[in-house]
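> Just passing along the structure, written as structure tokens.
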Amino acid sequence: MRTFRPYFAVIILMALTSIALELSVDVNITDEAGIRVELPDRIAAWEGNELRYCHNKECLKAFLVNDIEDRNVCPACGGPLSGMSYDEAAVLPGDTVLMKKRYVHPTGRQIFVSIVLSGASRSSIHRPQMCLTGQGQVILKSEVLEVPIEGRKPLDVMVLDLEPQGRAEGMTGLTTYYAYWFVGKGRETPSHVQRMIWMSTDRIFHNVAHRWAYIAVSGAREEDSVAYLDEIREFIGGLYPHIALTENIIN
Ligand SMILES: [Zn+2]
């Protein structure tokens, strides 16, 4: 019976949220984000390069911003470039903000970072597990990792160990990690359920709906080593001060 409890909690919350949506016609939708949608060009030895996507249906090419002259114009077709892919733009509400960067270390290791900031409809952020399994990834393990941040308590991030579905025995180089957390104004959590609870209680008790953001950091993971956990701790520890707003740092 115990295993069902979290689901009940979610169902009750969803019910409360929908009641709140119907009752509070004047919910104060704020434009305040709990985060800056900015990714630095450099984090320690990691060098960052932003990803831009062409939205011309005949082209749909992707570019690294350092390789092109104009970050808004596709060098192949002259079409408009965006921080999100055409497919992402098709499913996300129009006022969603999305930024992605690829970071490369002198050793050749790569890390991909994305920040999604939800818009007014609040439906931009989904449960990451669903998207990943939809993309053919198998989640082998998930755990909350404490990332030390200077001058405050550690940041909790969710770390998923992934491998592609149907990966043959002995095939190497395909295993990855996916680390993420959510940020609202003055709120931070690695838990999707906790975010849902805060979204509901903020609406019901404070009559406010903040813009939530979702930050994801992913890279390669060697099967016989936990070195990737150090990589996550060091990278997010370096990234955090660039994107955090002060009210999230004080707690
Ligand atoms: Zn193009």
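The values are calculated or read from the model by the stated rules, or taken from the named source; none is laboratory data. Remember, it's a predicted structure, so these values are computed and weren't measured experimentally. Cβ sites come from the backbone with ideal geometry, for glycine too, and all protein chains shown count toward neighbours. Heads up: the accessible areas ignore ligands, DNA and RNA and are worked out on the full protein's heavy atoms, side chains in. Shrake-Rupley method; radii C 1.70, N 1.55, O 1.52, S 1.80 Å.
> First check a/c for the range 175-251, with a ≥ b ≥ c the square roots of the eigenvalues of its C-alpha gyration tensor; if it is under 1.5, answer rounded, and if not, answer prolate when a/b is larger than b/c or oblate otherwise.
Details: a/c = 3.46, a/b = 1.97, b/c = 1.76.
Since a/c reaches 1.5 and a/b is larger than b/c, the shape of the range 175-251 is classed as prolate.
> If packing is taken as the average count of other Cβ atoms within 10 Å, what order do 95-104, 135-144 fall into, highest mean first?
Numbers: 95-104: 18.8, 135-144: 12.4.
Averaged packing, sorted descending, gives the order 95-104, 135-144.
> On to the next question. Taking all protein chains as present, what is the carbon and sulfur share of the accessible area of the range 74-145, in % to the nearest whole number, probe 1.4 Å? Write out the running numbers ahead of the final one.
Values: 1990 of 3510 Å².
Carbon plus sulfur share of accessible area: 57 percent.
> Structure shown: which of K141/K185; K57/K101; K61/K185 lie over 31 Å apart, alpha-carbon to alpha-carbon? Please list the in-between numbers first.
Values: K141/K185 29 Å; K57/K101 23 Å; K61/K185 35 Å.
From K141/K185; K57/K101; K61/K185, over 31 Å: K61/K185.
> Moving on to the next point. Suppose all protein chains stay in the model; what accessible area per residue would a 1.4 Å probe give for the range 74-192, in Å²? Numbers along the way, then the final one.
Working: 5670 Å² over 119 residues.
Spelled out: the 1.4 Å probe surface of the range 74-192, per residue, equals 48 Å².
> Quick check: net charge around G219, other residues with Cβ under 9 Å of its Cβ, Lys/Arg +1 and Asp/Glu -1?
Working: positive: R109, R221; negative: E231.
Its environment carries a net charge of +1.
> So what are the ³J(HN,Hα) numbers for the range 130-136, from phi and the Karplus equation (6.51, -1.76, 1.60; θ = phi - 60°), rounded to whole Hz, Gly and Pro as x?
Along the range 130-136, the couplings run 5, 5, 5, 5, x, 8, x Hz.
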